[in-house]
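Input: a single structure, listed below in structure tokens.
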Amino acid sequence: MLARLARLALSGLCAPSPLRSTDKGGAPVNNSLVLDTDDSPARGWALISATLAPVVLIAGWLVAGLVQSNDYNPVSQTISVLAGSAANHRWIMTVGLVLVGVCHLVTAAGLTSFRMRARLGLGIGGLAGLGVAIFAEPVHGSTSTHIVFATLCVLILALWPATIPTPGDALPAVLTTRTAAMVTAVFLGLALWVYIAGHGGGALGIAERVDTAIANAWPLVVLVALRRHRRSDVGERAVGRAARIPDALPVDAL
């Protein structure tokens, strides 16, 4: 079932984005997003998958942590330990990680007005998350494969905000080029915190949870901002059209 969902998401992800290379007057359009009254920036179900990703992730590590023995320390140990071979009821966190990966694939497929670089970035991040779940940690230590997928997942999601805007985009303030650069810098800072914590800095579990929670919630922030921006734009255009409609003829002129 999960494999079928992933295939469907990938097929939607690889479909061409309905972006126009020219506007209605024939002038070239250089925006990475087309936000007008006729095109929605994303499918409605993409908002559902974007909401589920952080919710499932956080719920997964909370529930999985409750069923562990006293040996597990969420401050110093990672989420991957909860899905590792030595964990109690490891299926809880494993299912959670798989669902998060599938959610990102579905969200990427639903971002129909985004350039392919943004859709592929989020989709590859979802695939990396699936790799984290599939190549679980062994009873003792970790494996190079697991570390590679975990690192890819963190870095790709950290860089993803930078793939959304391009200069000249008519985007909400939270998604402008400047804001995207700031958000990416913050995400890379969180990734650096995770790296330092994993190499003797301490509190690795806290660092990883903060980083993954925020990074996995950003697609939801993007979609909510775009939907609010589109509604505001639609309202302004409706008011503009209404202002251009001539007044009705007086009754005595009929």
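Give the number of residues within segment 99-118 that are outside any helix (DSSP H, G or I) and touching a Lys or Arg at 6+ places or on another chain (Cβ under 8 Å).
Number satisfying all stated conditions: 2.
Considering only residues of segment 78-108 that are among the hydroxyl-bearing types (Ser, Thr, Tyr) and under 22 Å from ILE147 (Cβ atoms), which is farthest from the chain's Cα centre (by Cα)?
SER85
Which members of segment 63-85 meet the condition of being assigned to a helix (DSSP H, G or I) and either of a type outside the set (A, V, I, L, M, F, W, C) or under 28 Å from VAL106 (Cα atoms) (or both)?
VAL63, ALA64, GLY65, ILE79, SER80, VAL81, LEU82
At pLDDT 85 or above and exposed (fewer than 14 other Cβ atoms within 10 Å of the Cβ): is that true of ARG237 in this structure?
no
Among the listed residues GLY60, GLY129, GLY121, GLY96, identify the single one that is in contact (Cβ under 8 Å) with a residue 12 or more places away in the chain, in a helix (DSSP H, G or I), among the small types (Gly, Ala, Ser) and under 24 Å from ILE196 (Cβ atoms).
After ruling out the rest, the residue left standing is GLY129.
Which members of segment 109-134 meet the condition of being within 14 Å of ALA50 (Cβ to Cβ) and over 13 Å from the mean Cα position of the chain (by Cα)?
Listed by number, the list holds a single entry, THR112.
Kindly check whether there is at least one residue in segment 17-36 that is at pLDDT 85 or above, among the small types (Gly, Ala, Ser) and assigned to a loop (DSSP other than H, G, I, E, B).
No, the conditions are met nowhere in segment 17-36.
Among the residues in segment 184-200, are any at pLDDT below 95, part of a loop (DSSP other than H, G, I, E, B) and not hydrophobic (A, V, I, L, M, F, W, C)?
Within segment 184-200, not a single residue is at pLDDT below 95, part of a loop (DSSP other than H, G, I, E, B) and not hydrophobic (A, V, I, L, M, F, W, C).
Looking for something within 17 Å of ALA83 (Cα to Cα), modelled with pLDDT under 95 and assigned to a loop (DSSP other than H, G, I, E, B) - is there at least one such residue anywhere in segment 143-164?
Yes.
The values are calculated or read from the model by the stated rules, or taken from the named source; none is laboratory data. Model, not experiment: these values are computed from the prediction. Cβ atoms come from the backbone with ideal geometry, glycine included; neighbour counts cover every protein chain shown.
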